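Enquirer: Sharing a structure here in C-alpha cells format.
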Amino acid sequence: QVQVVESGGGLVQAGESLRLSCAASGSIFSINAMSWYRQAPGKQRELVAARTSIGLTNYADSVKGRFTISRDNVKNTVYLQMNSLKAEDTAVYYCNLRIQVVGHGREYDYWGQGTQVTVSS
C-alpha cells in the first residue's frame, strides 16, 4: 500500500512565500510523474505545475516564474515552492503522484489530502 501526505499550507500575506510538501511512503517502486493542482472556491481544479521522472516541467501561465516543482528521490517527497504569492493563489492545493507499486505491473495515481493556502492582500 502507498500513503501520500501533504503539508505546508497556511495563511500568508501577499508577496510572501510558502513551500508545500507531498510525501509518499509504502511499497513504492518508482514515482514516475508528479503534479500539483489547486481548487479555489467555486472554481474547477486546475493544474499548477507538473514534473516528469526525467525532470521536464510544465507550469500554469499564472504561476510561471513564481512557483517551482521539485523532488527529493531519497525521501520520496515532492515540493512546490511558491514565491511572490498573490491573493488569487488562494486555494486548496493537491498533489498527484503517478507511482509504480512494488509487485505491480502498472502505475497508479495517488492524491494527497489537500492543504489550504490563503494569501491575504
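The values are calculated or read from the model by the stated rules, or taken from the named source; none is laboratory data. Not measured: the values here are computed from a predicted model. Cβ placement follows ideal geometry from the backbone for every residue including glycine, while neighbour counts extend to all protein chains displayed. Only protein heavy atoms, including side chains, enter the accessible area calculation; ligands, DNA and RNA are left aside. Shrake-Rupley method; radii C 1.70, N 1.55, O 1.52, S 1.80 Å.
Enquirer: If E6 satisfies all but one of (1) free of Cβ contacts under 8 Å to residues at least 24 places away in the same chain; (2) open to solvent by less than 50 Å² (accessible area, probe 1.4 Å); (3) not in a loop (DSSP other than H, G, I, E, B), what's the number of the condition it fails?
Expert: Condition (1) is where E6 drops out.
Enquirer: Shifting gears a bit: Within the stretch 23-33, can one find any residue that is in contact with a Leu (Cβ under 6 Å, 6 or more places away or on another chain) and surrounded by 12 or more Cβ atoms within 10 Å (Cβ to Cβ)?
Expert: yes
Enquirer: Being open to solvent by 30 Å² or more (accessible area, probe 1.4 Å) and in a strand (DSSP E or B) is the filter; apply it to the stretch 34-52 and report the residue that is farthest from R71 (Cα to Cα).
Expert: The extreme case among them is Q39.
Enquirer: Let me ask something additional. I'd like the full set of residues that are open to solvent by 20 Å² or more (accessible area, probe 1.4 Å) and polar (S, T, N, Q), limited to the stretch 65-114.
Expert: Of everything in the stretch 65-114, those that are open to solvent by 20 Å² or more (accessible area, probe 1.4 Å) and polar (S, T, N, Q) turn out to be T68, S70, N73, N76, Q81, N83, S84, T90, Q100, Q113.
Enquirer: Can we say G55 is farther than 18 Å from V119 by Cα, without any contact (Cβ under 8 Å) to a residue 24 or more places away in the chain and open to solvent by 60 Å² or more (accessible area, probe 1.4 Å)?
Expert: Here the answer is no, as G55 does not meet what is asked.
Enquirer: Mind checking which residues of the stretch 67-120 are under 20 Å from P41 (Cα atoms), part of a strand (DSSP E or B) and among the small types (G, A, S)?
Expert: A91, S120
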